[in-house]
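Peer 1: Next up is a structure, given as structure tokens.
The values are calculated or read from the model by the stated rules, or taken from the named source; none is laboratory data. Please read all numbers here as calculations on a predicted model, not as lab measurements. Glycine gets a Cβ as well: all are built from the backbone with ideal geometry, and neighbour counts include every protein chain shown. With ligands, DNA and RNA removed, areas are computed over all heavy atoms of the protein, side chains included. Shrake-Rupley method; radii C 1.70, N 1.55, O 1.52, S 1.80 Å.
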Amino acid sequence: MTVVTTRTFTPDAAGLSQAAAVLGDGGLVAFPTETVYGLGVDARNSDAVARLYAAKGRPGFNPLIVHVASLDAAEAYVEFDDTARALAQAFWPGALTLVLPLRADAGISPLVTAGLDTLAIRVPDHGVAAALLAAFDGPIAAPSANPSGQVSPTKAAHVADHMTGIIDGIVDGGDCPVGVESTIVATQPRPTLLRAGGLPAEAIANAVGQDLAMAGDADAPTSPGQLASHYAPKGTVRLNAVDINEGEVLLGFGAVDAPLNLSPSGDLVEAAARLFDALHQLNAMGAAQIAVSPIPDHGLGAAINDRLRRAAAPRSG
Ligand code: TXA
Ligand code: MG
């Protein structure tokens, strides 16, 4: 792959108009959202989307989330049923991605949906993302701004570490407050959780007035992105570790003695915000065997455990 110059854009009007111009030319620009940094391209430009897949080393069948400025803007791309509209009104802008039928006249590159007839879409709750969407004035397709299979970035420096020389620019907007990706929900044929994430599933179930089906249940849709070792750090990962074996580095949670602790006070929100940075730090430490303290499986704990389980999945290469 050719080496490109990676510019840094300031998150002010001047920087964002430069970043928007790069997007308009089919460039790749990383930007902060409330969840994680996204690697953005013009969702209507297939050449740009193809470059994005190449830059991420992402399998071509793994579709992307499109980011838009508002529910109104989203209506141009997908068909909202009543449940979807109620969820959008309740949680947008925010860490909720809705998978909905793609409109025939949407003009979205088929590479974005990987040929599916549905589109994943959300309105991010971050001032810099909102200002970039306003400056660009179009749909931005953006996966997390990490090489495929690696940890999602929650700081501009995480993006720069892996993507310098590969992408056209990075808007530095500080740390991402939520720290894990959006929760993904499909509403058809019934409300289904496709990926646990920054918005607790319980809040969504409350809003729709019924429990969510889980991806993989009978007649529930599945998310093609649920690759087993998608969130892999370089070391092996052992979950629910109450003792540490020789050679292991402990990633702690709660009141344990550990070189890295997701939340000494046992706060799941704090733990989610620190999770990916901790995995980056473990990689930087060269940790070959990682043990993780037990983490409760409710609220954001479900998203954290989901990601750690993937990290723990057996893999080759
Ligand atoms: O918080 C987030 O969601 C971040 C920020 C940047 O918005 N984005 C993100 O994108 O996590 P990515 O590409 O890393 O994950 C997108 C997930 C994948 O698991 C993909 O398979 C799923 O969304 N997805 C996309 N389109 C889909 C569709 N039409 N049906 C089912 N799943 C879909
Ligand atoms: Mg990702």
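Peer 1: Restricting to bridges with both residues inside the chain, how much of the DSSP beta-bridge set is antiparallel, in percent to the nearest 5? Please report the intermediate quantities before stating the final value.
Peer 2: Working: 16 of 38 bridges.
In the chain, DSSP labels about 40 percent of beta bridges as antiparallel.
Peer 1: Assign one of three labels to the stretch 1-47, namely rounded, prolate or oblate, based on the Cα gyration tensor with a ≥ b ≥ c the square roots of its eigenvalues; rounded applies when a/c is under 1.5, prolate when it is not and a/b is larger than b/c, and oblate otherwise. Before the final figure, lay out each step's value.
Peer 2: Details: a/c = 1.38, a/b = 1.26, b/c = 1.10.
It is rounded, given that a/c, with a ≥ b ≥ c, falls under 1.5.
Peer 1: Further, regarding this structure: Among 178-187, 127-136, what's the highest-first ranking by average C-beta atoms within 10 angstrom per residue?
Peer 2: Details: 178-187: 25.4, 127-136: 20.7.
Per-residue Cβ counts within 10 Å, averaged per peptide and sorted highest first, yield 178-187, 127-136.
Peer 1: Would you mind listing how long the stretch 27-87 runs along its three principal axes, going by Cα atoms, in whole Å with the largest first?
Peer 2: So the extents along the principal axes, rounded to whole Å, are 37, 24, 18.
Peer 1: Then there's this: Any idea of the accessible area per residue across the chain, 1.4 Å probe, to the nearest Å²?
Peer 2: Working: 12810 Å² over 317 residues.
Per residue, the chain has 40 Å² of solvent-accessible surface.
Peer 1: Still on this structure: So what is the relative contact order of the chain, in percent, for Cα pairs below 8 Å that sit 6 or more residues apart? Walk me through the intermediate numbers first.
Peer 2: On the way: 721 pairs, mean separation 64.4, N = 317.
Across the chain, relative contact order equals 20 percent.
Peer 1: Per-residue counts of other Cβ atoms within 10 Å, averaged by peptide: what ranking do you get for 166-175, 198-207, 256-265, highest first? Spell out each step's value before the answer.
Peer 2: On the way: 166-175: 21.6, 198-207: 18.0, 256-265: 16.2.
Peptide ranking by packing, descending: 166-175, 198-207, 256-265.
Peer 1: Can I ask one more? So who's got an amide H within less than 5 Å of the one on residue 114, skipping anything under 5 residues away but keeping other chains? H placed 1.01 Å off N, in plane.
Peer 2: 64
Peer 1: With the chain treated as a Gaussian network of Cα nodes joined by springs under 10 Å, which of 298, 126, 67 yields the largest mean-square fluctuation?
Peer 2: 298
Peer 1: Using the Kirkwood radius built from alpha carbon pairs, what does the Stokes-Einstein equation give as D for the chain at 37 °C and 0.692 mPa s, in µm² per second?
Peer 2: Details: Rh = 19.7 Å.
Value of D from the Cα-based Kirkwood radius: 166 µm²/s.
Peer 1: Something else: If you average 1/r across every pair of different Cα atoms in the stretch 228-312 and take the reciprocal, what Kirkwood value do you get, in Å?
Peer 2: Details: mean 1/r = 0.0804 Å⁻¹.
Taking the inverse mean of 1/r over all distinct Cα pairs, the stretch 228-312 comes out at 12.4 Å.
Peer 1: Taking H placed 1.01 Å from N in the peptide plane, check which residues at least 5 places from residue 170 or on another chain put their amide H under 5 Å from its amide H.
Peer 2: Those qualifying (amide H under 5 Å, at least 5 residues apart or on another chain) are 7, 8, 9, 30.
Peer 1: Taking all protein chains as present, what is the carbon and sulfur share of the accessible area of the chain, in % to the nearest whole number, probe 1.4 Å? Spell out each step's value before the answer.
Peer 2: Details: 6690 of 12810 Å².
Heavy-atom surface of the chain belonging to carbon and sulfur, 1.4 Å probe: 52 percent.
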